[in-house]
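Below: one structure, written as structure tokens.
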Amino acid sequence: VNSFSGGGSPLYYVQRTLGVEESNRRMAEEEWPLYYWKARWFKPLEKEEFIVYLMPDGDFLGFKHIMGEDALGAAISQDEANLIAERFLIQYAGWDASKWEQVEAASETRSGGRIDHSFAWKSRAFSAGESELRYNLVVQGDQVGYIDYWIKVPEAFIRQYAAERNQAGILSMVAYFCGFLGFAIAGLFGIVLIRPDGKQALWPALLAGFISLAATLNLISLSPL
């Protein structure tokens with residue numbers, strides 16, 4: 001399964017913070033991870049699957065190895081896992097440790113005895129408002145099973161962005177139904193004028209249109225403010 005996607009809240013954040021022209025220039029020069037190719041391999045009815053992410057030009061971006069909680073694996077220390085993570089980044093992502101600051105390190109023992117170690121680094125050089133350029137990596141046992149290169153934006157902006165999209169969707173639906181209802185009413189009156197015997201169908205049609213519009217307007221109360 002292959003797909004191309006991206007954008008979302010990180011793109012809108014850097015565009016609002018830096019401006020469209022400046023964000024486009026820096027995105028091209030610094031290869032920000034805002035758009036990507038996604039390829040997925042899996043077997044139906046099996047838990048395990050592999051997902052690989054590539055930059056638009058084909059450069060490696062990240063991957064994910066999905067496996068069961070009870071899948072077997074090693075139980076190494078966090079320091080050993082950290083070395084594995086850094087070596088992987090250096091070899092496959094051209095990573096320079098001096099340009100990154102580690103901000104997270106956690107370990108979790110799975111039901112099968114495997115210990116997974118999660119790490120996160122943020123770029124020392126990246127600057128775009130309050131956002132951060134990050135690497136997240138998980139060592140599953142003694143194997144790298146997840147890596148993500150992404151732009152982390154403030155939680156407050158994510159909530160605001162979600163609310164704006166929700167409200168825009170509601171307004172779009174209301175506008176659609178209002179337009180549909182208007183055309184329907186005009187059409188029905190036209191029918192009545194041409195065929196007076198069609199009046200019996202007018203009121204049920206208007207009632208159905210009003211109920212549809214009311215149902216759409218009711219969704220506004222579900223929109224986060």
* Top to bottom by accessible area (1.4 Å), largest first, where do 47, 64 land? -> 47, 64
* Asked: Which FRET efficiency value, to the nearest 0.05, do you get for residue 45 and residue 104 by plugging their Cβ-Cβ distance into 1/(1 + (r/R0)^6) with R0 = 41 Å?
  -> 0.75
* Structure fact -> Quick shape check on segment 40-120: root eigenvalues a ≥ b ≥ c of the Cα gyration tensor, a/c under 1.5 is rounded, otherwise prolate if a/b tops b/c, else oblate, and it reads oblate
* Structure fact -> Put 87, 110, 134 in order of accessible area, largest first, probe 1.4 Å, and you get 87, 110, 134
* Asked: For segment 1-139, what does the alpha-carbon gyration tensor say about shape, rounded, prolate or oblate, given a ≥ b ≥ c as the root eigenvalues, a/c under 1.5 as rounded, and a/b over b/c as prolate?
  -> oblate
* Three principal axis extents, largest first, for the C-alpha atoms of segment 25-80, in Å? -> 46, 36, 13
* Assuming R0 = 25 Å, can you tell me the calculated FRET efficiency for the pair residue 2 and residue 142, based on Cβ-Cβ distance, to the nearest 0.05? => 0.25
* Place a +1 charge on the Cβ of each Lys and Arg in segment 1-107 and a -1 charge on the Cβ of each Asp and Glu, then give the dipole magnitude about the Cα centre in debye, rounded to the nearest 20. => 380
* Structure fact -> The correct ranking of 43, 152 by accessible area at 1.4 Å, largest first, is 43, 152
* Which entries of 47/152; 64/99; 99/152; 47/122; 43/152; 38/99 show an alpha-carbon separation above 21 angstrom in the structure shown? -> 47/152; 64/99; 47/122; 43/152; 38/99
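The values are calculated or read from the model by the stated rules, or taken from the named source; none is laboratory data. It should be emphasised that the depicted structure is a prediction, and the values quoted were computed from it without experimental measurement. Don't worry about glycine lacking a Cβ; one is built from the backbone with ideal geometry, like all the others, and counts go over all protein chains shown. What goes into the accessible areas is simple: the full protein's heavy atoms, side chains included, and nothing from ligands, DNA or RNA. Shrake-Rupley method; radii C 1.70, N 1.55, O 1.52, S 1.80 Å.
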